[in-house]
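The values are calculated or read from the model by the stated rules, or taken from the named source; none is laboratory data. Keep in mind the model is a prediction, meaning the values are calculated, not measured. Cβ placement follows ideal geometry from the backbone for every residue including glycine, while neighbour counts extend to all protein chains displayed.
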Amino acid sequence: MHETDLSRIMRQALLPRNAPRVEGYDVGAGTMVEERGRAATIWDWLVLPDGRTALVTLDVRADGLPPAIHLATVRGVLRAVVADGGGLDKVLPRINAAMCACAADDEGQHVECGMLAVDGQSAEWASAGRVPCGVIRRGGAFEELGSHGPPLGMMEGVQYGSERLAMSAGDTAIVLSHASAGLFRGAADLVAQIHGKPAGDVVSTLHRGIRKAQGENTEEISVLFVRKH
């Protein structure tokens with residue numbers, strides 16, 4: 001069996017079946033699944049000890065071991081760390097320490113991770129690597145959020161931060177597991193054009209738009225969509 005075949009089988013078991021229900025928000029999420037894709041990305045969700053729901057994207061960019069091995073490892077460590085308590089800004093440093101401790105020499109595969117936690121009136125964003133995230137305000141303004149450190153497993157001792165942002169009625173946050181600046185802004189424009197559609201339809205529309213924009217060289221991308229009521 002080829003490594004990408006193995007990765008696709010493993011990845012299928014990692015993907016959630018449904019997006020979570022979060023009071024006060026419309027939530028949608030999904031991972032593009034291509035017949036011959038690398039299976040190097042997933043989305044996930046979990047409930048934090050403080051009751052907030054956190055949406056997650058994980059992405060392995062380099063070649064090497066079947067990517068789903070790293071996805072499964074980070075997903076498992078993430079759940080263990082969250083169950084042990086601590087805020088969102090404490091989660092990524094602990095996962096990174098675990099990934100660095102078990103990394104093989106010159107293995108070269110690292111995991112980019114984006115985490116978006118929401119509560120009644122705000123959202124908190126934390127990321128490892130270049131994970132595109134932005135907020136489309138009800139009035140049309142677009143705010144892009146930054147990265148908080150290198151991919152997981154790349155460098156020991158990183159103290160990842162996080163940032164909070166107010167969420168008012170009609171505000172929308174979107175996350176792509178990876179994308180060029182142009183592709184991400186195009187995705188944001190598309191979301192703004194279909195404002196008001198159900199969250200699941202928005203994610204499906206984004207997947208179609210991304211496939212069209214990428215042409216023949218389609219890369220699998222995970223999408224998170226959160227809109228405040």
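Descriptive notes on the structure:
- Residue within region 23-38 that is farther than 20 Å from residue 210 by Cα and part of a loop (DSSP other than H, G, I, E, B) present: yes
- Single match in 91, 81 (criterion: in a helix (DSSP H, G or I), under 17 Å from the mean Cα position of the chain (by Cα) and more than 23 Å from residue 170 (Cα to Cα)): 91
- Among the criteria (1) among the aliphatic types (A, V, I, L, M); (2) more than 22 Å from residue 62 (Cβ to Cβ); (3) loosely packed, with under 13 Cβ neighbours inside 10 Å, the one residue 181 does not fulfil is (2).
- Pick from region 27-45, criterion farther than 16 Å from residue 179 by Cβ and more than 17 Å from the chain's Cα centre (by Cα), ranking: surrounded by the most Cβ atoms within 10 Å (Cβ to Cβ): 36
- Top-ranked residue in region 12-26 [being charged (D, E, K, R) and within 13 Å of residue 199 (Cβ to Cβ); ranked as surrounded by the most Cβ atoms within 10 Å (Cβ to Cβ)]: 26
- Any hit, region 153-165, residues being within 20 Å of residue 31 (Cα to Cα) and either in contact with a His (Cβ under 8 Å, 6 or more places away or on another chain) or assigned to a helix (DSSP H, G or I) (or both): no
- The residue of region 65-79 that is surrounded by the most Cβ atoms within 10 Å (Cβ to Cβ), among those that are out of contact with any Leu (no Cβ under 8 Å at 6 or more places or on another chain) and within 14 Å of residue 91 (Cα to Cα), is 77.
- The residue that is nearest to residue 131 (Cα to Cα), counting only those in region 61-71 that are of a type in the set (A, V, I, L, M, F, W, C) and at pLDDT below 95, is 62.
- So residue 62, is it outside any helix (DSSP H, G or I), out of contact with any Ser or Thr (no Cβ under 8 Å at 6 or more places or on another chain), touching a residue at least 24 places away in the same chain (Cβ under 8 Å) and surrounded by 16 or more Cβ atoms within 10 Å (Cβ to Cβ): no
- Scanning region 166-193 for residues that are within 16 Å of the chain's Cα centre (by Cα) and in a loop (DSSP other than H, G, I, E, B) yields 177, 178, 179, 180.
- When every residue of region 125-144 is checked against the conditions, at least one turns out to be in a loop (DSSP other than H, G, I, E, B), at pLDDT below 95 and touching a helix residue (DSSP H, G or I) at 6+ places or on another chain (Cβ under 9 Å).
- Test result for residue 155, buried (at least 22 other Cβ atoms within 10 Å of the Cβ), touching a residue at least 40 places away in the same chain (Cβ under 8 Å) and over 18 Å from the mean Cα position of the chain (by Cα): no
- Region 194-229 - residue that is assigned to a loop (DSSP other than H, G, I, E, B) and in contact with a Ser or Thr (Cβ under 7 Å, 6 or more places away or on another chain) and, of those, surrounded by the most Cβ atoms within 10 Å (Cβ to Cβ): 221
- Residues that are more than 21 Å from residue 86 (Cβ to Cβ) and polar (S, T, N, Q) were ranked within region 96-151; the one that is surrounded by the fewest Cβ atoms within 10 Å (Cβ to Cβ) is 121.
- Counting the residues of region 1-17 that are out of contact with any strand residue (DSSP E or B) (no Cβ under 9 Å at 6 or more places or on another chain) and not in a helix (DSSP H, G or I) gives 3.
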